[in-house]
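The values are calculated or read from the model by the stated rules, or taken from the named source; none is laboratory data. From a predicted model like this one, the values you see are computed outputs, not experimental measurements. Cβ placement follows ideal geometry from the backbone for every residue including glycine, while neighbour counts extend to all protein chains displayed. When the accessible area is computed, the model is the full protein with side chains, heavy atoms only, and any ligands, DNA or RNA have been set aside. Shrake-Rupley method; radii C 1.70, N 1.55, O 1.52, S 1.80 Å.
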Amino acid sequence: MDSSDPYTIRRTRREDWARLRELRLAALRDPLAGVAFYQTHEAALEIPREEWERRAAGTRTVTFIGETGEHRPWAGMVSVYAEPDRAADHVVVVGVYVRPEHRGTGMAAALMEEAIAWAGDREIRLRVHENNPRAARFYASLGFLPNGRSHVDPRAPGTRALELTLSR
């Protein structure tokens, strides 16, 4: 990002665990973002500190956050990981969230650009809920296309999440 951009995008570190927890809990409380997450707010409250520290350290899943200032709440996040039990020919994007006051500002695109760069030449996959057309349009604008696979939403078995792919 150039110096005129209002955001700094960076990877989380172990010591960021409390801020990562706060942002994830905010995402799970957000009525517009709730359809994007399979986890409930109540379940996330039960996660111990050690797990939040592991998540922030990025040992399995790398999380990028958008900052607007050192002492201000983080504006958004995106996480990405390589499937551990499969060939490393693709990565999966999960946990995309931008706070309401930062939507439409370029934050989501900046976060996704960082995740895409991290993936290198690997194919990138993500899921978008069929009841989330705004997110589907956003991912399409980045070049993600439906790959024909879908997954049942475990919280609402009558609905699906569509799998999208960005080929490299």
Notebook entry, point to check: Which of (1) exposed (fewer than 13 other Cβ atoms within 10 Å of the Cβ); (2) more than 29 Å from ASP121 (Cβ to Cβ); (3) among the hydroxyl-bearing types (Ser, Thr, Tyr) does THR68 not meet, given it meets every other one?
Noted result: (1)
Margin query: Just to verify a result, which residue in segment 103-112, among those that are in contact (Cβ under 8 Å) with a residue 40 or more places away in the chain and not hydroxyl-bearing (Ser, Thr, Tyr), is surrounded by the most Cβ atoms within 10 Å (Cβ to Cβ)?
Written below: LEU111
Next item on the list: Kindly provide the set of residues from segment 114-165 that are without any contact (Cβ under 8 Å) to a residue 24 or more places away in the chain, assigned to a strand (DSSP E or B) and open to solvent by 70 Å² or more (accessible area, probe 1.4 Å), ordered by number.
Entry: LEU145, PRO146, GLY148, ARG149, VAL152, PRO157, GLY158
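Let's see how each residue does on (1) open to solvent by 30 Å² or more (accessible area, probe 1.4 Å); (2) of a type in the set (S, T, N, Q); (3) within 14 Å of GLY76 (Cβ to Cβ); (4) modelled with pLDDT under 95:
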{"position": "ASP2", "(1), (2), (3), (4)": "yes, no, no, yes"}
{"position": "ASP5", "(1), (2), (3), (4)": "yes, no, yes, yes"}
{"position": "ARG10", "(1), (2), (3), (4)": "yes, no, yes, no"}
{"position": "GLU15", "(1), (2), (3), (4)": "yes, no, no, no"}
{"position": "ALA26", "(1), (2), (3), (4)": "no, no, yes, yes"}
{"position": "ARG29", "(1), (2), (3), (4)": "yes, no, no, yes"}
{"position": "ALA33", "(1), (2), (3), (4)": "no, no, yes, yes"}
{"position": "GLU42", "(1), (2), (3), (4)": "yes, no, no, yes"}
{"position": "ILE47", "(1), (2), (3), (4)": "no, no, no, yes"}
Checklist line | Residue selected from segment 132-168 under the condition farther than 12 Å from VAL35 by Cα and of a type in the set (Val, Ile, Thr), by the criterion modelled with the highest pLDDT | finding: THR165
Next item on the list: Evaluate segment 31-45: report whether one residue or more is in contact (Cβ under 8 Å) with a residue 12 or more places away in the chain, part of a helix (DSSP H, G or I) and within 17 Å of LEU126 (Cβ to Cβ).
Entry: yes
